[in-house]
Amino acid sequence: MKKAKWIVPTIYIIFLMLPIYWLLNMSFKTTTEIINTYTLWPQEFTLDNYKTIFTDSTWYTGYLNSIYYVVMNTVISVAAALPAAYAFSRYKFLGDKHLFFWLLTNRMAPPAVFALPFFQFYSSVNLFDTHVAVALSHCLFNIPLAVWILEGFMSAVPKELDETAYVDGYSFWRFFFKIFIPTITAGIGITMFFCFMFSWVELLLAKTLTAVAAKPIAATMTRTASTSGYELGLLAAAGSLTIIPGAIVIYFVRNYIAKGFALGRV
Amino acid sequence: MNKTINQKAWFFVIPVFVLVAFNAIIPLMTVVNYAFQETFGNNVFMWEGTRWFKQIMLSERFHASLGRQFLFTFIILFIQIPLGIAIALTMPKEGIGVPVCLVLMSMPLLIPWNVVGAMWNIFALPDIGFLGHSLNALGFDYNFTQQIGDAWFTTILMDVWHWTSLVVLLSYAGLQSIQPAYYQAAEIDGASRWAVFTKIELPKMKKVLTIAILLRFMDSFMIYTEPFVLTGGGPGNATAFLSIDLVKMALGQFDLGPAAAMSLIYFFIVLLVCWVFYTLMMRNEGNQ
């Protein structure tokens, strides 16, 4: 019985890995091999696809652009959400419940609804095609999410902690930075993970708000797919490389995830 | 927790309020503008009242994409939630298996959505994709770019691949928060496995499952990039879900009025369903 339990997660993980393997497999093949034959692993192993990406600046600047606005968005979201989540978890104030739900509604707003107005709005304030524009527009769904997650973690910290600190003569900000933030590092780690994730994977807004200077890698890929026909190997290599930043982030937050889960709230 | 009443807390909320309002209210007002007016460019607007709304509400195209959207969301929730719970229940609870499972299972969540679409496209191609090739080799006549059933099958399988892990992670979090004492008590009472699940595990997972259902509902209801890259909404309009249809109308045909009206109706439906969920969730929290 104990052994049999392993079967379900194992099958599931194999199912998850299959398409990823297929993408990697394609990325190491030559175009002729992809088009002409069906092979389970590359017969003529080649790194040409990757070489193209690392030497052609339209490709690698795409990655840099993406990472740049994702990091910017994660920092803005978490920094703004920290005090707000504290307010929601500790105080009652006029309109707090309505405000909280209003924030959540923005997480629910379909980006497709906002694509066109965003384009017009950011063009009119001269932010079109900048990293800031994408970072700010992703705040639309990431800040509500960050507030939601952080509020959960903060509510799990007993209020006595705050009160003891004030009795000990801590000022609010000193308490907030020296005591409170260190106690919820797991929560902050998880929040950053989710902000990074949703900003990294989003394409519709990022594509709408950029043209050349801040174009994300994902948009470079769609444009390659449509213009140069059938360069599947190159596309597969670019896709494989987009998995890496995510994998690195997961690796770093894996302990936080486990710890955060112990608190029973994600 | 009993909260203190403190109106100054608003100062903490101001940065969030400003940032989100900047992004939400101004663009939303633009949509509202377009929804009630006709424009010929150059900032010339003519009042149209509810004409666009009537047009959308009566259009068969909208009914069809709304129907497809509900069907899709219903199917993926029906698969992902039970499957996610089942996997979370069988996952190792301690040891090296935990981080291995967590890291590997999180992988699909962190792949950009268009790459997910492209990856599944390559994976499912009937001639050179593993899935397509295998199915055809097994004797199924499989071609997701031509046959509606296959397109749906592939889109649903892709979404299950992409998002079941989120349900797994959340359910796992809920399970981890159960004290071992509960299980020991159940063992002493001689409770069956099924009783342990329905009486202990499921109630404890209720809160995270609500979050999981809410997130999956919202995200599947606004799905755009993955099916767009995988099938392009096709064959025909078979997998043109609401967002795909909307973008086609707004940016493809530039029918701004109807598109804006459709946006508002669309947003309103999501809002309504989420409000119901949210109220139920908050009520449960109040009872605990």
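The values are calculated or read from the model by the stated rules, or taken from the named source; none is laboratory data. Computed from a prediction, not measured in an experiment: that's the story for all the values here. Here the Cβ is made from the backbone with ideal geometry for all residues, glycine too, and neighbour counts use every protein chain on show.
For the reader, a short list of remarks on this structure follows.
- Yes/no for A:Leu205 being surrounded by 19 or more Cβ atoms within 10 Å (Cβ to Cβ) and more than 8 Å from every other protein chain (Cβ to nearest Cβ): yes
- Lone qualifier among A:Arg254, A:Arg265 - being modelled with pLDDT under 80 and not in a helix (DSSP H, G or I): A:Arg265
- Counting only helices (runs of 4 or more DSSP H) that sit wholly inside the stretch A:117-235, those with at least 2 residues that are among the hydroxyl-bearing types (Ser, Thr, Tyr) and modelled with pLDDT of 85 or more are A:160-167, A:185-201.
- When A:Gly62 is tested against (1) farther than 15 Å from A:Leu235 by Cβ; (2) touching a Lys or Arg at 6+ places or on another chain (Cβ under 8 Å), only condition (1) is not met.
- Any chance A:Ala85 is part of a helix (DSSP H, G or I), surrounded by 17 or more Cβ atoms within 10 Å (Cβ to Cβ) and facing another protein chain (nearest Cβ under 8 Å): no
- Taken together, A:Phe121, A:Phe176, A:Phe198 contain a single residue that is surrounded by 16 or more Cβ atoms within 10 Å (Cβ to Cβ), under 21 Å from A:Gly246 (Cα atoms) and within 12 Å of chain B (Cβ to nearest Cβ), which is A:Phe198.
- A:Ile67 at the interface with chain B (Cβ under 8 Å from one of its Cβ atoms) and of a type outside the set (S, T, N, Q): no
- Residue that is surrounded by the fewest Cβ atoms within 10 Å (Cβ to Cβ), among those in the stretch B:247-258 that are within 11 Å of chain A (Cβ to nearest Cβ) and either touching a Leu at 6+ places or on another chain (Cβ under 6 Å) or without any contact (Cβ under 8 Å) to a residue 40 or more places away in the chain (or both): B:Phe254
- The lone criterion from (1) over 18 Å from A:Leu205 (Cα atoms); (2) in contact (Cβ under 8 Å) with a residue 60 or more places away in the chain; (3) under 19 Å from the mean Cα position of the chain (by Cα) left unmet by A:Leu104 is number (2).
- Scanning the stretch A:18-40 for residues that are within 7 Å of another protein chain (Cβ to nearest Cβ) and without any contact (Cβ under 8 Å) to a residue 24 or more places away in the chain yields A:Leu18, A:Pro19, A:Trp22, A:Tyr38.
Let's see how each residue does on (1) in contact with an Asp or Glu (Cβ under 7 Å, 6 or more places away or on another chain); (2) of a type in the set (Ser, Thr, Tyr); (3) at pLDDT below 90:
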| residue | (1), (2), (3) |
| --- | --- |
| A:Thr32 | no, yes, yes |
| A:Trp41 | no, no, yes |
| A:Ser57 | no, yes, yes |
| A:Ala80 | no, no, no |
| A:Tyr86 | no, yes, no |
| A:Ser89 | yes, yes, yes |
| A:Phe93 | no, no, yes |
| A:Pro110 | no, no, yes |
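- Restricted to the stretch A:102-116, and to residues there that are in a helix (DSSP H, G or I) and of a type outside the set (A, V, I, L, M, F, W, C), the residue that is farthest from B:Leu272 (Cα to Cα) is A:Pro111.
- Number of the exception - B:Ile223 against (1) modelled with pLDDT of 80 or more; (2) in a helix (DSSP H, G or I): (2)
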